[in-house]
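The values are calculated or read from the model by the stated rules, or taken from the named source; none is laboratory data. Remember, it's a predicted structure, so these values are computed and weren't measured experimentally. Note that each Cβ is placed from the backbone with ideal geometry, even for glycine, and that neighbours are counted across all protein chains shown. Just the protein is used for accessible areas: all its heavy atoms, side chains included, with ligands, DNA and RNA removed. Shrake-Rupley method; radii C 1.70, N 1.55, O 1.52, S 1.80 Å.
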Amino acid sequence: MAGGAREVLTLQLGHFASFVGAHWWNQQDAALGEPTNAKLPPSELCPDVLYRTGRTLQGQETYTPRLILMDLKGPTPLTTATTPKPLIPTESSIRVWSDFLRVHLHPRSICVIQKYNHDGEAGLLEAFGQGLSVLKEPRYLEELDDRLHFYVEECDYLQGFQILCDLHDGFSGVGAKATELLQDEYSGRGIITWGLLPGPYSLQQEPQKNIYRLLNTAFGLVHLSAQSSLVCPLSLGGSLGLRPDPPVSFPHLHYDAALPFHCSAILATALDTVTVPYRLHSSPVSMVQLADMLTFSGKKVVTAGAAIPFPLVPSQSLPDALVQLGGTTPWTPLSACGDARRMHCFAQSVVLRGLDRACHTSQLTPGTPLPSLLHACTTGEEVLAQYFQQEQPTVRSSSHLLLTPCKVLPPYPCLFSSSLSQQGLIQDDPTTGAAVESIPVLGALCSSASLNRTLGDLAKELTKLDLRRWASFMDAGVEQGDLEELLQDLHSLAQCYQGGDSLMD
């Protein structure tokens, strides 16, 4: 449908998923409030992809996220989250995602699973099998189905569903069942699933939680990839396995990796960028097209990376910044699959946003010898395409360049170094000026050969487990045959990424 919104319905499944979602929707809301500006064309991103219009009973027009959110009961009644709190909270006061959500939600958005608690010592949704069983209960299945129909039936051109789903706990099972339902009822629509893991893990001191995390992640990845168009794990942790690797680092961010409020903000910023292709106002790439480009030959799992912010000083051009990288991949890995930046990539989708048009191409005086082929390009789009062509000539690559930056207004946490300007550029002489309000971001989705090792290692760790010690996980609805099938499926997935496991030249 030319010029149509190509609507997307978002599902948030789990407590950490809704931390990420709260930051995500706050960033969308901040972008909605951006005044019309010649430098920032309002037509680049189409908010109608994510939002719906409606009316209250009093006839007042509303504009709310097209969202279904499932979480567990807790000390704060989540039903009150449909109305955001008027004040910006302090970091120490934040306990749940609704503490910092600034966006009004539709009354049908929130679905509370009453039989489990999201914290405490008992009644937790800990295991994949428990999550599967939730959507086998008529009460919750009918509630989800009713909300799906409510949102879907008002869409003119539904392109698909984006799912933010916790992988580390029983919500991996909820997600598996939900994607199965979507695949059955809405075949042909895109289903892009973001498997979220808080990190790094202090769980090495709690063996049961660590083992459960491993099992839930493995079951979740296999089942979600079977029913989704693509699946991408997102985490600031260093690995998916039992061994606790240190969290990833960013040159210009200072964050506390133990705080969900910080980790979710960074992941939401990456998500806001890598999802750009199917949210564009003009010439959008549909969810199905994006998935087809990245997931050929059974490669249904992809990795993500981002440069937050993209490193640029005010006097530089984009060709200058890319040449300065010296051939290194310009993003930090965000999928807990190790450092895949020098591993072979089969296909990738890259988005760079937030650079002023004047710096897209070379600013050298005419007649000056060109330092690289990038400096000969006449548009920023050509610069990006040329860069990836020369650095990764065998990779199927798609790139988008946007003027629109990523908004990081409060309650986004203060994570940025003092070397950044208000617009997120690297200052030559850092000052104690105004807080950072927006940043340029580079984000990428990659079908990476690193997944051969990552998925294979997951299977190896599972084979070493003595499940008799973890009978409670099996009691939750998973049988020995399910585990054996899981190992076979993990090996099959890993084999899809063979043939490119050597370092890139």
For the range 338-353: of the residues being in a strand (DSSP E or B) and open to solvent by 10 Å² or more (accessible area, probe 1.4 Å), which is farthest from L402 (Cα to Cα)?
M343
Among the polar types (S, T, N, Q), out of contact with any helix residue (DSSP H, G or I) (no Cβ under 6 Å at 6 or more places or on another chain), assigned to a helix (DSSP H, G or I) and modelled with pLDDT under 95: does that describe S282?
no
Applying the selection to the range 149-180, what residues are of a type in the set (A, V, I, L, M), open to solvent by less than 10 Å² (accessible area, probe 1.4 Å), part of a helix (DSSP H, G or I) and in contact with a Phe, Trp or Tyr (Cβ under 8 Å, 6 or more places away or on another chain)?
A176
Does A127 fit the bill of being of a type in the set (A, V, I, L, M) and open to solvent by 30 Å² or more (accessible area, probe 1.4 Å)?
no
Could you list, in sequence order, the residues of the range 91-111 that are open to solvent by 20 Å² or more (accessible area, probe 1.4 Å) and within 13 Å of M70 (Cβ to Cβ)?
R108
Return the residues of the range 93-141 that are among the hydrophobic types (A, V, I, L, M, F, W, C), within 30 Å of P413 (Cβ to Cβ) and not in a strand (DSSP E or B); say none if nothing qualifies.
I94, V96, W97, F100, L101, V103, L105, L125
Among the residues listed as H223, H262, the single one being within 30 Å of Q427 (Cβ to Cβ), open to solvent by 10 Å² or more (accessible area, probe 1.4 Å) and modelled with pLDDT of 95 or more:
H262
Tally of residues being in contact (Cβ under 8 Å) with a residue 40 or more places away in the chain and over 14 Å from D169 (Cα atoms) across the range 108-139
9
What residue, among those in the range 4-55 that are open to solvent by less than 50 Å² (accessible area, probe 1.4 Å) and modelled with pLDDT under 85, is nearest to L196 (Cα to Cα)?
A5
Which of the residues spanning the range 287-329 are buried (at least 20 other Cβ atoms within 10 Å of the Cβ), farther than 18 Å from S421 by Cβ and touching a helix residue (DSSP H, G or I) at 6+ places or on another chain (Cβ under 7 Å)?
M287, L290, K300, V301, V302, T303, A304, A306, P319, L322
May I ask you to verify whether Q208 is in contact with a strand residue (DSSP E or B) (Cβ under 9 Å, 6 or more places away or on another chain), open to solvent by 50 Å² or more (accessible area, probe 1.4 Å) and assigned to a helix (DSSP H, G or I)?
no
Could you check, for the range 226-247, whether at least one of its residues is open to solvent by 10 Å² or more (accessible area, probe 1.4 Å) and within 21 Å of V134 (Cα to Cα)?
yes
Which pairs have Cβ atoms under 9 Å, sit 6 or more apart or on different chains, and link a residue in the range 455-484 that is more than 21 Å from V174 (Cα to Cα) and touching a residue at least 24 places away in the same chain (Cβ under 8 Å) to one that is among the hydrophobic types (A, V, I, L, M, F, W, C) and surrounded by fewer than 18 Cβ atoms within 10 Å (Cβ to Cβ)?
A459/L487; L462/L487; T463/L487
So is A358 touching a strand residue (DSSP E or B) at 6+ places or on another chain (Cβ under 8 Å) and either assigned to a loop (DSSP other than H, G, I, E, B) or at pLDDT 90 or above (or both) or not?
no
Taking V383 as meeting all but one of (1) outside any helix (DSSP H, G or I); (2) of a type outside the set (D, E); (3) farther than 22 Å from Q289 by Cα; (4) at pLDDT 95 or above, write down the number of the exception.
(1)
Could you pull out every one of the helices (runs of 4 or more DSSP H) wholly within the range 405-505 that has 3 or more residues that are open to solvent by 60 Å² or more (accessible area, probe 1.4 Å)?
450-463, 480-495
Restricting attention to the range 465-485, report how many residues are over 31 Å from the mean Cα position of the chain (by Cα) and among the aliphatic types (A, V, I, L, M).
2
